[in-house]
Amino acid sequence: MAKRVLDDILDEFCEKLTEQKVVDSTTVRELRELFATGNKLKADDFVEILSRPREEDAHDSD
Amino acid sequence: MIQIETVSIRELRGIRELTIEPRRENFIVSGPNGSGKSGVVDAIQFALTGEISRLSGKGTGGLSVLRHGPHVDRRDDPAAAEVSLGLHLPDSGKKAVLTRNVKTAKTFHLEPDDQDVRARIEEVAAHPELSLSRREIIKFILVEAGQRSKEIQALLKLEEIGATRGVLKTTANKLSRNHAEAQRAASSAEDALRRHLDAADLTREAILAAVNPRRRRLGLPELEPADLFAALDSGVSAGSSADVFNRDSALRDVEALESTSLDLSGLGAEEAARIGQDLGSLDHDRALFAAIRRRSFVERGLELVEGERCPLCDMEWDDEEHLKAHLRAKLAKAEEAESIQERLLRNGAVLEDHAQRLVDLIRPIQVLAKRDGSAGFSDGLAAWIRDLAEFAAQLSDVESIASIRERLQKGWASPPANLQEDLAALRRTIQAKPDQSATVAAQTFLTLAQDRLVACETARRAQRRALAAAEAGRAVYNTYCEVGDGYLGALYKEVEDTFGSYYRELNKEDEGEFRAKLEPDEGGLDLEVAFYDKGMFPPGAYHSEGHQDGMGVCLYLSLMRRLLGAKFTFAVLDDVVMSVDQGHRKKFCRLLRTHFPDTQFIITTHDRVWAKQMHTEGLVGSKGEVAFHSWSVQAGPIVEQAKEVWEQIEVEIGREDISGAAGRLRRHVEYVASELADSLGASLRYRGDLAYDLGDLFSAVVGRHGELLGLASVAAESWKDAAAQERVATVKKARSESLATHRGESWIVNKAIHWNEWATFTAEEFRAVVAAFRAVLDQLRCVNPQCGSWFYVTPRAGDPDSLRCRCSAVSINLRRR
């Protein structure tokens with residue numbers, strides 16, 4: 001039961017992140033991949049993904 | 001999952017050798033405290049999981065299955081300790097025997113080795129909650145919300161939700177701190193640019209108003225607002241900006257540091273004082289300080305847990321989850337410590353910000369001082385920058401903050417000696433420099449303006465990224481919480497409904513309207529229950545301890561139902577039923593019988609009356625009990641109704657261990673006689689110390705049995721029931737014969753002879769004693785091998801109606817017409 005619930009939560013979590021557009025699709029994909037590794041989750045891995053320059057930052061760097 | 005047919009235990013914990021046969025039915029292990037019941041629970045748990053919870057977890061440091069699992073006399077021989085379980089898979093009908101040895105506890109032998117059965121055993125091993133002890137049931141009820149949430153999520157195997165939530169919260173906090181740092185860096189860069197431009201703000205107009213007059217002076221085209229992203233110094237001859245010196249800008253930088261340094265003691269003074277107060281309160285409560293120190297230590301350890309070895313003390317645990325639970329429990333204890341810790345860190349963060357901003361002011365002055373400052377001033381400033389950077393780094397954890405307490409009291413800024421004088425001298429040196437030509441002044445102004453504008457834009461961009469990351473971190477955390485809480489909320493709703501209905505069944509008379517509310521809140525799980533019609537309250541508020549225990553059992557059962565559904569085929573309730581008070585036992589039996597008809601419960605209890613009630617209520621069958629008594633280190637528990645007692649006595653006589661046999665016989669007969677005295681309602685002369693010996697008990701029991709048979713004769717005669725009269729006559733005749741044998745050995749219950757005298761008997765003499773007792777006791781129990789229970793009268797109080805056994809093969813009427 002637990003695995004099914006956890007998978008369902010992850011699906012809905014990713015779906016909501018995409019809908020809310022607070023993070024872009026690449027970030028959502030990277031987050032999902034991080035969960036899928038099955039490794040122990042570490043805050044620094046999330047910090048790295050969420051701190052990566054995103055599309056709008058490209059204009060800033062001009 | 002599985003059900004248990006047989007349990008065979010050898011040299012494990014307090015048991016030397018024992019076989020019981022639950023036969024896939026509910027089964028009771030009864031006996032007074034200290035009689036060895038828990039050994040059976042340990043054995044089942046060990047066989048299924050390779051672990052014994054009593055030897056792991058909180059407060060069990062230094063204990064291990066390998067060293068402390070075997071019987072104490074076999075502690076150096078773990079291979080001697082072994083448990084075998086005869087298993088049955090209810091859905092497939094498969095059977096197998098699982099054997100696990102303490103020496104090789106990580107693996108087990110299965111006969112026949114069937115992959116399906118093996119998979120089920122692995123599944124059971126992943127559910128330690130299938131074995132529930134009395135001390136565990138209350139952990140769902142009387143704990144704070146955060147801990148309850150952890151316990152229940154752990155039970156439902158959903159602790160990963162809480163762990164992920166924790167990691168995402170840490171992520172959000174780290175991103176928030178990164179943003180604060182980026183914000184400060186951007187603000188410092190803006191200050192530096194504003195100072196250089198000598199502008200009130202940094203609007204495009206203000207920047208151009210400072211830049212364009214210099215460009216005009218150099219004959220360069222003026223910049224439009226739209227050109228602001230182009231270089232402010234475009235057209236100015238290139239040179240190394242490190243060598244560029246603009247007198248007016250330099251003076252403004254020096255004045256900025258001078259002005260700040262005038263009141264260094266006031267900078268962050270309030271926060272430093274608050275830190276001092278909090279550290280002072282810790283002086284009065286060293287335990288609190290220890291809790292804080294431990295807390296940050298344990299927090300760090302918890303983050304680093306990976307596997308079964310504790311990252312803090314290097315001790316090996318049975319598994320990672322036990323270790324984590326242990327560390328979490330330590331954290332939960334330090335709530336007060338947590339609030340002080342938060343305050344210290346919050347005030348520390350403000351001081352860190354002040355220190356970093358000060359460093360940003362010092363840097364340009366250190367460059368100027370290298371060229372124009374007094375001897376050693378530049379080096380002094382460089383050392384100050386390093387010192388402030390180190391100071392700032394010490395404000396991120398409580399222990400480091402405590403280590404700089406003295407500095408915080410004295411004034412944390414610690415400027416170099418003669419700072420004011422050196423700054424004034426530097427200012428005078430710069431002022432004394434010959435006026436720069438208007439052209440050079442304009443050129444250096446534009447070059448430095450461009451440098452600082454680029455630095456400012458870079459810092460602002462980093463700040464925007466950090467802000468976006470911090471917002472994303474918060475959104476990711478909130479979204480996960482929202483989704484997780486939604487799922488858990490639905491799940492808890494289901495559990496709360498079932499929990500409420502079970503509890504109502506138990507307490508129909510007085511709490512028929514009982515309701516419960518399980519509500520997730522900020523990672524915690526609030527539990528409120530209705531107290532009559534007075535409202536909803538925490539369970540510990542008004543309910544009695546007995547009711548709280550009942551809630552614990554009901555919540556456990558509803559969680560197991562939700563967790564395993566039809567797979568909830570087996571559970572061990574170790575003394576848990578004692579939580580159910582006398583008035584609700586009947587309903588408890590009915591609850592288990594009706595809601596869990598396919599679940600095999602192995603139940604231990606030290607309350608013989610409760611055990612009998614479970615028989616009477618049909619929760620367990622006539623053969624569904626093993627009763628222990630008189631545990632000893634050498635012999636382990638004595639099994640009351642088992643023929644093994646007599647076999648064991650004979651074995652001891654055979655090897656001429658009359659002393660061992662005598663001890664076993666005395667303990668057994670004393671125990672059985674006390675049980676029979678109770679169940680037959682024998683009269684004993686009251687003793688204040690309740691230390692009745694065999695002489696008191698045995699005579700009273702034999703006498704009471706005779707009385708009851710007398711009543712039976714009279715009753716049968718009054719009903720003119722010839723068949724009954726004949727049955728009673730047969731029983732009386734057999735009784736007389738056995739007593740005749742016994743009387744031949746009557747000296748054995750003569751108090752003048754101490755029981756220890758038996759130890760001096762020859763084997764043959766003692767065999768006669770044993771046979772005499774056995775013959776009498778056999779008159780007092782059912783001869784049906786499937787029953788074998790001791791006789792009892794009903795009702796327990798008042799005049800007896802009948803003399804019975806559990807299977808009803810014996811049911812002798814005692815009431816006259």
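What the table shows:
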read-out	value
Which listed residue, of B:Ala462, B:Ala432, B:Ala466, is among the small types (Gly, Ala, Ser) and out of contact with any helix residue (DSSP H, G or I) (no Cβ under 9 Å at 6 or more places or on another chain)	B:Ala432
Check on B:Asp435, acidic (Asp, Glu), more than 30 Å from B:Gln341 (Cα to Cα) and not in a helix (DSSP H, G or I)	yes
Set B:Leu388, B:Leu395, B:Leu408: member being away from every other protein chain (no Cβ under 14 Å), touching a helix residue (DSSP H, G or I) at 6+ places or on another chain (Cβ under 6 Å) and not in a helix (DSSP H, G or I)	B:Leu395
Residue match in the range A:1-20 (condition: at pLDDT below 85, charged (D, E, K, R), over 15 Å from the mean Cα position of the chain (by Cα) and outside any helix (DSSP H, G or I))	no
Some residue of the range B:502-518 being assigned to a helix (DSSP H, G or I) and polar (S, T, N, Q)	no
Single residue of the range A:1-42 satisfying the filter (within 25 Å of B:Glu320 (Cα to Cα) and β-branched (Val, Ile, Thr)) that is surrounded by the most Cβ atoms within 10 Å (Cβ to Cβ)	A:Ile9
The one condition in (1) assigned to a strand (DSSP E or B); (2) farther than 28 Å from B:Thr762 by Cβ that B:Ser630 fails to fulfil	(2)
Any hit, the range B:158-180, residues being more than 13 Å from chain A (Cβ to nearest Cβ), surrounded by fewer than 21 Cβ atoms within 10 Å (Cβ to Cβ), in contact (Cβ under 8 Å) with a residue 24 or more places away in the chain and in a helix (DSSP H, G or I)	yes
Residues of the range B:693-736 that turn out to be over 17 Å from B:Gln779 (Cα atoms), without any contact (Cβ under 8 Å) to a residue 60 or more places away in the chain, in a helix (DSSP H, G or I) and not aliphatic (A, V, I, L, M), as a count	4
Positions within the range B:1-54 being in contact with a helix residue (DSSP H, G or I) (Cβ under 8 Å, 6 or more places away or on another chain), under 18 Å from B:Gln634 (Cα atoms) and of a type in the set (Ser, Thr, Tyr), in sequence order	B:Ser38
Matching option when the condition is closer than 30 Å to B:Val211 by Cα and surrounded by 20 or more Cβ atoms within 10 Å (Cβ to Cβ), among B:Arg357, B:Arg452	B:Arg452
One residue from B:Gln431, B:Gln409, B:Gln436 being polar (S, T, N, Q), within 28 Å of B:Val350 (Cβ to Cβ), surrounded by fewer than 17 Cβ atoms within 10 Å (Cβ to Cβ) and touching a residue at least 60 places away in the same chain (Cβ under 8 Å)	B:Gln409
Residue within the range B:185-197 that is over 30 Å from B:Lys330 (Cα atoms) and within 14 Å of chain A (Cβ to nearest Cβ) present	yes
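The values are calculated or read from the model by the stated rules, or taken from the named source; none is laboratory data. Quantities reported herein were computed from a predicted structural model and do not represent experimental measurements. Note that we place each Cβ from the backbone using ideal geometry, even for glycine, and neighbour counts take in every protein chain shown.
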